[in-house]
């Protein structure tokens, strides 16, 4: 059963990281679009981008916590 | 990663306390209290350096509250500002070389590396915004009228009362915990200079996570006390 727990941990962190990576990629695309359209708002946009990227990254970290709980058993 | 768990018995029940994070939490509280004491000792009209820094910090919080909340926002600044300062100090403390102090078991780590700590802060935020909303809107806090949309929104709000503290607690805990795991993996790879970029990244993460916690707290309080819904 330990092997199955390790498999589950790998699957969990893999899918979680996929979603977070897509989210941060889309956020970066939006940031680049905004800056290229209006270069003067770059400073403000980067602040919002960092907060949004942290929120998207948190989803991968939920998966990380689940994976760690699976491995810790 | 293991905590130094201290178990004591009270009224026939056993209570376990993670002593390592309690110690570092007291240290963070001591740092903030000393900073506040030194900053407010010689107040004058012409500020010295530290007073000017603190006034800049407070005007930063006030500007942020003005941009996030429509009216009557200054009274929420104490909670928001103390949460931000405490989380920032606690996160940055994780990058101090605390492991050279050997404990009986476990190792000293950042206080936010303990889910009990972050869950307690999330529950404080939950209680605060519910109480603030009830004080502001009286009986209309959850259920504005008996239309179909309002009843559905009441259930959504009730569900959010569970998911908001859960996500607040796990987000902060998991970020700091993942940072600790990354640093220890880099340490295992090469003990010299390999963990440095990871630790620099963790300093950035410390600032971002403190900001995210503060912004979400502001958004929740603003949503509970605001008129739009």
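Quick look at the numbers
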{"quantity": "Boolean, residue A:13 is within 11 Å of chain B (Cβ to nearest Cβ), at pLDDT below 90 and part of a helix (DSSP H, G or I)", "calculated": "no"}
{"quantity": "Every residue from segment B:142-158 that is part of a helix (DSSP H, G or I), farther than 19 Å from residue B:131 by Cβ and either in contact with a helix residue (DSSP H, G or I) (Cβ under 8 Å, 6 or more places away or on another chain) or without any contact (Cβ under 8 Å) to a residue 40 or more places away in the chain (or both)", "calculated": "B:148, B:149, B:150, B:151, B:152, B:155, B:156"}
{"quantity": "Residue in segment B:207-229 that is farthest from residue A:53 (Cα to Cα), counting only those that are crowded, with 19+ Cβ neighbours inside 10 Å and away from chain A (no Cβ under 11 Å)", "calculated": "B:225"}
{"quantity": "Any hit, segment A:37-51, residues being under 21 Å from residue B:177 (Cβ atoms) and either within 14 Å of another protein chain (Cβ to nearest Cβ) or modelled with pLDDT of 90 or more (or both)", "calculated": "yes"}
{"quantity": "Residue satisfying condition, being away from chain A (no Cβ under 14 Å), at pLDDT 90 or above and assigned to a helix (DSSP H, G or I), within set B:187, B:166, B:126, B:172", "calculated": "B:126"}
{"quantity": "Qualifying residue in segment A:55-70 (condition: part of a helix (DSSP H, G or I) and exposed (fewer than 13 other Cβ atoms within 10 Å of the Cβ))", "calculated": "yes"}
{"quantity": "Among (1) more than 15 Å from residue B:83 (Cβ to Cβ); (2) modelled with pLDDT of 90 or more; (3) touching a helix residue (DSSP H, G or I) at 6+ places or on another chain (Cβ under 7 Å) - the single one residue B:200 does not satisfy", "calculated": "(3)"}
{"quantity": "Count - residues of segment B:1-17 that are in a strand (DSSP E or B) and surrounded by 11 or more Cβ atoms within 10 Å (Cβ to Cβ)", "calculated": "4"}
{"quantity": "Considering residues of segment B:193-206 that are away from every other protein chain (no Cβ under 13 Å) and without any contact (Cβ under 8 Å) to a residue 12 or more places away in the chain only, the residue farthest from residue A:54 (Cα to Cα)", "calculated": "B:193"}
{"quantity": "Hits in segment B:75-97 (condition: under 22 Å from residue B:225 (Cβ atoms) and crowded, with 17+ Cβ neighbours inside 10 Å)", "calculated": "B:76, B:79, B:80, B:81, B:83, B:84"}
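Quick grid of which residues meet (1) surrounded by 11 or more Cβ atoms within 10 Å (Cβ to Cβ); (2) closer than 19 Å to residue B:220 by Cβ; (3) without any contact (Cβ under 8 Å) to a residue 60 or more places away in the chain:
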position: B:99; (1), (2), (3): yes, no, yes
position: B:109; (1), (2), (3): yes, no, no
position: B:140; (1), (2), (3): yes, yes, yes
position: B:177; (1), (2), (3): yes, no, no
position: B:184; (1), (2), (3): yes, no, no
position: B:188; (1), (2), (3): no, no, yes
position: B:191; (1), (2), (3): no, no, yes
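The values are calculated or read from the model by the stated rules, or taken from the named source; none is laboratory data. Please read all numbers here as calculations on a predicted model, not as lab measurements. A quick note on method: Cβ atoms are made from the backbone with ideal geometry, for glycine too, and the neighbour counts reach across all protein chains shown.
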